[in-house]
Amino acid sequence: MSIYYEDSRDIYIIVPLRDAKSYPSRPNVDLLLPTRRFAGECYFWIYTNAKHPIIEFWNERLLPRKVADKDGRRWLFMGKKALKLDLASPPIIRFYGLKDPAGDICLITSNKDFIPHGGFADVERQILGYNRESLGMSQIIPNVAIVGRPVKFRLIFTAGLAGIKRGGRIRLTIPRIFSKPQIKDPDGDGYLEIVKADAQLEILSIEVSRDSWEWIDVTAEFKEDLIPGGKVIICYKAGRTQIVPFRYEGTDRSYWFSKMPPMAISVMPSVRGYFAHLAQEHSHTLTFKADMPDRLHLIIPSHARTGERIVLHGIFTDKFRNLSDDHPKHANVRLKLIGRGLEEDLGGPRNFYGRYAFKMLLDPLPKGVYRIKAESPSGRFVSLSNPIKVEDSSPNLYWGDIHAHSEMSDGIGSPEYFYWHARNIACLDFAALTDHACYFTDNEWLWMQDLANMHNKPGKFVSLIGFEWSGREGDRNFYTWRDELPLLRGTNPRADSLRKVWRIIEGMEKEIIVIPHHSLLNVKWESHNPSFERLIEIYSMWGSSESADMQLWRMPKHGISVMQILSEGSKLGFTAGSDNHDGRAGFSGEGAYYTSIYVPLGFRSGLTAIYASDLSRREIFNSLRRRRCYATTGERIIISFQINDLCMGSEGVWDGSARIKGEVHGTSRISRLELIRNGETIWSMQPNRMDVAFSWEDHQSPDELVYYYLRVEQADGNLAWTSPIWLTR
Ligand SMILES: [Zn+2]
């Protein structure tokens, strides 16, 4: 864990290199430099037993100014460099030539007169004037909470050996997704109160942290000395907490997405000094657990051939779609097959795996459209699966989510958990973990690619290698069908604009696909490259960017809508994903409010459906390139859509009319079908049933280029969008 201090004059960053990442066969270790806002000249030191260590910073190298010939660990001055730190873009720092990095330390300071002595604790004491261990300790009651339920927290802080002098301060940090702390209304949500203090303590401010826009800092000042062992008790009433199970721990504020528990404490022991957070082992943790099982999700494939057996997955979750720790067998659920006007009893769920999921093999079915229904006598679990269409020969329709984040960037959940969950719980056919390229190191990327390759099982589950790039033109996700992908960071001056990026990947058009997302939020379209940008994510947990007046959008609109992009002549197919930050592609936590750890995402996770010849990286990628895909708000709605026998995503020629043909099988009543032609709805119907086939002919000759896409709206509010079909006159 790195340590970062600053006062009005100087910064000090102490980075223990045991945190640095290595990869077999790589000559260097690397790590993200912890950041807060800073710009200025900095002095680089390294505490090492290496003879000729090298620090590499983007593309610049720092070498020892004086090499001592002593063998033991000693501080080497590595020179100075102008440093510009920003909350959102931690630089990558690489170290070469180290013998035993686990014991080495790097120190970066703006104080040119500072000369470090000794190891980590010594340098820390040199800067702070005291030991971190002597700051004190904190406890929180309760330290286990249930997702989504209000909690009244009681925090007990006990001052350490140093005590706190009059004028000293404590700071409590609360994640912004929790109720906003306030001290005015004792009956109101977020009420925070000092209920006991052994020395007079006064709350000075409650404001968004300058270290992270996702935290609120509450700062309080002591009006008299708090003696060693003196206590402070603070209560905080949180009506809104967290809806994803997670253990908050750690006190380190190095990154804006550091996972501190609510009311994590930093202490400034005297008027003149630094805020230092409590030692991790002296600080409280808080675990959020899933609620009782409340929902049953039934998932079957969308297509099957006659004679083929069908796998039904059932997943019990709490009301926020979290896997519950309680065994739901007592649910006493009956399953029924519905289709062709008949109902057939399938008995109760069998073949549980884990506590919360089951997998049943169903007998082959005759041609038709079917769904599985679940009911429990209490009425608690009522559920309907997605539709399955059984035919003599059927297309392959695959479901996936290729936009999700994990603890490798600003989310939670390990990448291993991500792949396990995507395949076994979300029942996805394909997925991609697209962590933010700017928040992991090169060595971590090598390891992440290995993991993606390991989890790719052709015919069963496809993992695409991907990452998210953020730069001045907004966010883009990069994917390949290959087993490696060059990493591009928008924080790296070499790849901070799309113009530079296109130059780097030139010639790889057949290997890389680039998909912009939440275009309404921040996407700029001037540098569009049609060879790479073949698709756009029309929907995710941010909402839908389809048009500027979407209901499914609550964020600012600094970007451009999908309709606007299409009207400019760009030919893009549609995908939908989650963009969740809880390591759960295609089946993320969902609720009435903030559904991510920090990032405020207000909608449920979306899904992409792909028509492909088989389930392999190559074919999934090719179908994406050919735009043989459609987007939904998370429901596995079956859609086929053709114009003049061209399938979705195709380009054709106007031959006198557009003969439109389609079929939709919903997961709820289909309330409306709309055909969009060049931004306008030119045909619609209100089927008010779950299965509908339609055809229509458009005779109105286009001026030049015309695009059509189908928009499906269900009675339950879910939506789907087919990729457009283009006709040229
Ligand atoms: Zn994302």
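FYI, it's all coordinate maths here, none of it is from the lab. Given the structure is predicted, the values throughout are model-derived calculations rather than measurements. Note that we place each Cβ from the backbone using ideal geometry, even for glycine, and neighbour counts take in every protein chain shown.
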On Cα atoms only, tilt of 442-455 relative to the major axis of the chain in degrees: 30
Evaluate the stretch 398-496: find the radius of gyration of its Cα atoms, find its Kirkwood radius, and give the ratio Rg to Rh. 0.96
Using per-residue counts of other Cβ atoms within 10 Å, averaged over each peptide, order 531-544, 387-400 from highest down. 531-544, 387-400
Mind checking which of A331, P702, Y255 is farthest towards the positive end of the chain's charge dipole, using Cβ charges of +1 (Lys, Arg) and -1 (Asp, Glu) about the Cα centre? Y255
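With 10 angstrom as the radius, rank D318, D582, D655 by how many other C-beta atoms surround their C-beta, starting from the fewest. Please report the intermediate quantities before stating the final value.
Numbers: D318 25, D582 29, D655 10.
Ranking D318, D582, D655 by Cβ neighbours within 10 Å, fewest first, gives D655, D318, D582.
Could you give the length gained by full extension between E344 and S695, i.e. 0.36 nm per residue of separation minus their alpha carbon distance, to one decimal place?
Values: separation 351, 0.36 × 351 = 126.36 nm, distance 3.23 nm.
Result for the pair: 123.1 nm of gain on full extension.
Please report, in cubic angstrom per residue, the volume enclosed by the convex hull of the alpha-carbon atoms of the stretch 656-727.
Numbers: hull volume 5.6 nm³, N = 72.
Enclosed volume per residue, from the Cα hull, is 77 Å³.
Based on the Kirkwood radius over alpha-carbon pairs, what is the Stokes-Einstein translational diffusion coefficient of the stretch 295-394 at 37 °C with 0.692 mPa s viscosity, in µm²/s?
On the way: Rh = 13.9 Å.
After rounding, the answer is 236 µm²/s.
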With unit charges on the beta carbon (Lys/Arg positive, Asp/Glu negative), name the residue among L135, G569, G229 whose Cα is farthest towards the positive pole of the charge dipole of the chain. G229
Return S570, S588 ranked ascending by Cβ neighbour count within 10 Å, so the fewest neighbours appear first. S570, S588
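Any idea what the dipole of the stretch 295-394 comes to, in debye rounded to 20, about its Cα centre with Lys/Arg Cβ at +1 and Asp/Glu Cβ at -1? List each step's numbers first, then the result.
Working: 17 positive and 11 negative charges, 34 e Å.
Around 160 debye, computed over the stretch 295-394.
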Please report the spacing between the Cα centers of the stretch 644-666 and the stretch 14-92 in Å, no decimals. 58
Magnitude of the Cβ-charge dipole of the chain, K/R +1 and D/E -1, about the Cα centre, nearest 20 debye? 920
So for each of 192-198, 262-268, 147-153, 175-181 I average, over its residues, the number of other beta carbons within 10 Å; can you give me the resulting order with the highest mean first? 262-268, 175-181, 147-153, 192-198
Percent antiparallel among DSSP beta bridges with both residues in the stretch 132-289, to the nearest 5? 90
In the stretch 501-556, if every C-alpha pair distance is counted and binned at 5 Å from zero, what percent goes to each bin? 4, 18, 26, 18, 14, 11, 6, 2
Contact order relative to length of the chain, as percent, for alpha carbon pairs under 8 angstrom and 6 or more apart: 9
Can you tell which of L464, M690, I115 lies farthest toward the positive end of the dipole of the chain, using +1 and -1 charges on the Cβ of basic and acidic side chains (Lys, Arg; Asp, Glu)? I115
Sorted largest first, the C-alpha extents of the stretch 132-289 along its principal axes in whole angstrom are 39, 32, 27
Here are some pairs, K359/K457; K389/K661; K319/K557; which of them have Cα atoms lying more than 22 Å apart in this structure? K319/K557
Dipole magnitude of the stretch 632-729 about its Cα centre, charges +1 at Lys/Arg Cβ and -1 at Asp/Glu Cβ only, in debye to the nearest 20? 260
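Checking the a/c ratio against 1.5 first, then a/b against b/c, what shape does the Cα gyration tensor give for the stretch 409-634?
Values: a/c = 1.25, a/b = 1.08, b/c = 1.16.
Because its axes are fairly even, with a/c under 1.5, the stretch 409-634 counts as rounded.
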FRET efficiency, A592 to S205 (Cβ-Cβ, R0 22 Å, nearest 0.05): 0.15
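Local charge sum around Y248 (other residues, Cβ-Cβ under 14 Å, Lys/Arg +1, Asp/Glu -1)? Intermediate results must be reported in sequence, preceding the final value.
Numbers: positive: R176, R247, R253, K259, K289; negative: E214, E249, D252, E407, D582.
Summing Lys and Arg as +1 and Asp and Glu as -1 gives 0.
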A correct Karplus calculation of ³J(HN,Hα) over the stretch 74-83, with 6.51 cos²θ - 1.76 cosθ + 1.60, θ = phi - 60°, whole Hz and x for Gly and Pro, returns 8, 7, 10, 7, 9, x, 10, 7, 6, 10
Calculate the length of the line joining the C-alpha centroid of the stretch 397-435 to that of the stretch 138-165, in whole Å. 33
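Mind checking the stretch 202-234 for trypsin sites (Lys or Arg not before Pro) that DSSP puts in a loop (not H, G, I, E or B) and that have at most 10 other Cβ atoms within 10 Å?
Values: sites: R210, K223, K231; in loops: R210, K223.
Within the stretch 202-234, no trypsin sites (Lys or Arg not before Pro) qualify (loop, at most 10 other Cβ atoms within 10 Å).
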R0 of 56 Å, Cβ-Cβ distance K457-E133: FRET efficiency to nearest 0.05: 0.70
Mean residue ellipticity at 222 nm from the helices of the chain, using -39,500 (n - 2.57) per DSSP H segment of n ≥ 4 over the full residue count, to the nearest 500 deg cm²/dmol? -2000 deg cm²/dmol
Between the modelled labels at Y353 and R503 (7 Å from Cα along Cα→Cβ) the distance in nm is 4.9
Quick one: order I620, I660 by neighbouring beta-carbon count within 10 Å, fewest to most. I660, I620
From Cα coordinates alone, what are the radius of gyration and Dmax values for the chain in angstrom? 28.2, 89
R0 = 51 Å: FRET efficiency of E391 with D325, Cβ-based, nearest 0.05? 0.80
Output the 0 to 90 degree angle, nearest 10, between the alpha-carbon long axis of helix 415-424 and the longest principal axis computed from the alpha carbons of the chain. 20
